[in-house]
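Notes follow once the structure below has been shown.
The values are calculated or read from the model by the stated rules, or taken from the named source; none is laboratory data. Since the structure is predicted, the reported quantities are computational estimates derived from the model, not experimental observations. Heads up, the Cβs are rebuilt from the backbone with ideal geometry, glycines too, and the neighbour counts pull from every protein chain shown. Side chains are part of the model used for accessible areas, which takes the heavy atoms of the whole protein and leaves out ligands, DNA and RNA. Shrake-Rupley method; radii C 1.70, N 1.55, O 1.52, S 1.80 Å.
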Amino acid sequence: MSIDIASPIKSIEKRTLSHPCYNCIAHKYARMHIPVAPKCNVSCNFCSRKYDCVNESRPGVTSQILTPEEARDKFNIVKEKVKNLTVVGIAGPGDPLANFEEVKKSIELIKEESPDITFCLSTNGLMLPFYADEIVKLGISHVTITINAVDPKIGGRVYKFINYLGKNFSGEEAGDIILNNQLSGLRYISQKGIISKVNIVMIKGINDTHVPEIVKKVKECGAYMTNIIPLIPIPGTVFENLPATDEKELNNMRKKCQLDLKQMFHCKQCRADAIGTLENDISKKFRNNKNNYRIAVSSKTGVNIDQHFGHASEFYIYDVINGQIKFKEKRNVNKYCNGIEDCEKQEDKILDIIKTIEDCNAVLVLRAGFEPANRLKKSGIRIFQMYDEINSGIEKTVKLLENN
Ligand code: CLF
Ligand code: SF4
């Protein structure tokens, strides 16, 4: 059975030949990522959700989220300027299948403008069996699935948790659920003629010796190639203290696995808004300077930034999306600063607070002690001490974050 991609236009073989990731000699062609997928349905132990999905992107990078209409408009601008553009990819900043409505709409809108363009998508695979038919119908010809283990026990060490059909799972149970869906999804789309690549994050002490087994298994399920990528530890994540994957060991592993299946050696771990050839990213030219941020505010009433960090029993969480400040929610925490007798427990309580706001880029407080400020910094959360009205404080903070 083969995929029906508005056929007379381009065969799947031609699309693969002009896809710069699937074919290393197609380096003269450009791809464009549209960052329309902010949410994720799993929590990988190497991921900080302040940034783009690390399963496909470079760690520590944040892309500006677009609506489907904005993605279409940006595509039209890029298409005009980048004549060698062959591929539109969706690789985050979260998981495309956790944002399927936005992904679907974006593809439909872009297809109306340019029916000949190749569509590519990268997912953690949890929801692949649910959306596989829609993916085929939309004419997405190339799909990447990140599979970091084919043993649920090992998978259970890679994910902090997965959110599956509204429920959180962790450990081996999570590893089992996601693996079943990844492999059945991979088998299904491969049978339908989609060309699939499997990304594997090589993590020392977790799955490094297991990588050849993953490659063999995904080959059996129909994968066209694998892309073994390095772990780059990010501060504030469970794997922050693991070593970065050694480049030599990585290349040796790729060479070893090449005997079983085609390997990618030229991946750039690019941004969720990357544009251009793999060698020359020109996304900066097409980006406005506004990034997206999540900011926690310590406030007594929700009007002013007027609460000491240690006295906060709740934080007001705001998202700044494309420069617009939006209130998201209130989050409760245990106070840690109850008096001198509680001092020995402070350590844990600071950790509780940090966990409550770990997905935030910054926290705004009236004052904070040296110890919590230090711990927040280590977790990658910037702390700003000020007395101000909340919106005004956030605006000032965003300026500081943009300039830094
Ligand atoms: Fe993008 Fe990924 Fe498609 Fe390529 S990237 S969704 S397959 S169009 Fe390419 Fe970038 Fe490596 Fe990805 S270099 S991170 S492999
Ligand atoms: Fe992060 Fe990507 Fe894993 Fe989601 S799938 S937790 S965005 S690395």
- Message: Name the residue from F265, I145, N124 whose Cα lies farthest towards the positive end of the charge dipole of region 6-286, charges +1 on Cβ of Lys and Arg and -1 on Cβ of Asp and Glu.
- Response: F265
- Message: Can you tell me how region 268-312 classifies by the Cα gyration tensor, rounded, prolate or oblate, using a/c under 1.5 as the rounded cut?
- Response: prolate
- Given charges at Cβ of Lys, Arg, Asp, Glu: region 293-403 dipole, positive-most of L400, C360, P372: L400
- For the chain, report the accessible area per residue in Å² (1.4 Å probe, heavy atoms, rounded to an integer). 45 Å²
- Just tell me which lysines come within less than 17 Å, Cα to Cα, of K105; anything on the same chain fewer than 8 places away is out. K39, K74, K137
- Taking region 293-403 and dividing mean pair separation by its residue count, relative contact order in percent (alpha carbons under 8 Å, at least six apart): 30 percent
- Given K111/K262; K216/K248; K83/K284, the pairs whose alpha carbons are separated by over 19 Å: K111/K262; K216/K248
- Task: With a 1.4 Å probe and every protein chain kept in, tell me what percent of the accessible surface of the chain is carbon plus sulfur.
- Result: 50 percent
- Long-range HN-HN contacts of D388 with modeled amide H, under 5 Å: I305
- Task: Based on the mean of other Cβ atoms within 10 Å per residue, sort peptides 89-102, 178-191, 241-254 so the most packed one is first.
- Result: 89-102, 178-191, 241-254
- Query: Which pairs break 19 Å Cα to Cα here: K355/K399; K28/K256; K50/K377?
  - Reply: K355/K399; K28/K256
- Note on the structure: Packing-ranked peptide list from 153-161, 381-389, 192-200, highest mean Cβ count within 10 angstrom first, is 192-200, 153-161, 381-389
- Item | Listed residues T356, T397 arranged by accessible area, highest first, probe 1.4 Å | T356, T397
- Query: How far is the Cα center of region 273-327 from the Cα center of region 86-160, in Å?
  - Reply: 26 Å
- Where nothing but the Cβ of Lys and Arg (+1) and of Asp and Glu (-1) is charged, how large is the charge dipole of the chain around its Cα centre, in debye to the nearest 20? 980 debye
- Task: Would you please calculate the Kirkwood hydrodynamic radius of region 6-286 over all C-alpha pairs and express it in Å, rounded to one decimal?
- Result: 18.6 Å
- Message: Counting only helical runs of four or more DSSP H residues, what would the 222 nm mean residue ellipticity of the chain come to if each run contributes -39,500 (n - 2.57) and the total is spread over all its residues?
- Response: -10000 deg cm²/dmol
- Message: Please state the shape class of region 293-403: rounded when a/c is under 1.5, otherwise prolate if a/b exceeds b/c and oblate if not, all from the C-alpha gyration tensor.
- Response: prolate
- Please list the non-local residues whose amide H lies under 5 Å from the amide H of A274, H modeled 1.01 Å from N, same-chain partners needing a gap of 5 or more. H33
- Query: According to the Cα gyration tensor, what semi-axes, each the square root of 5 times an eigenvalue, does the equivalent ellipsoid of region 190-302 have, listed from largest to smallest in whole Å?
  - Reply: 33, 21, 16
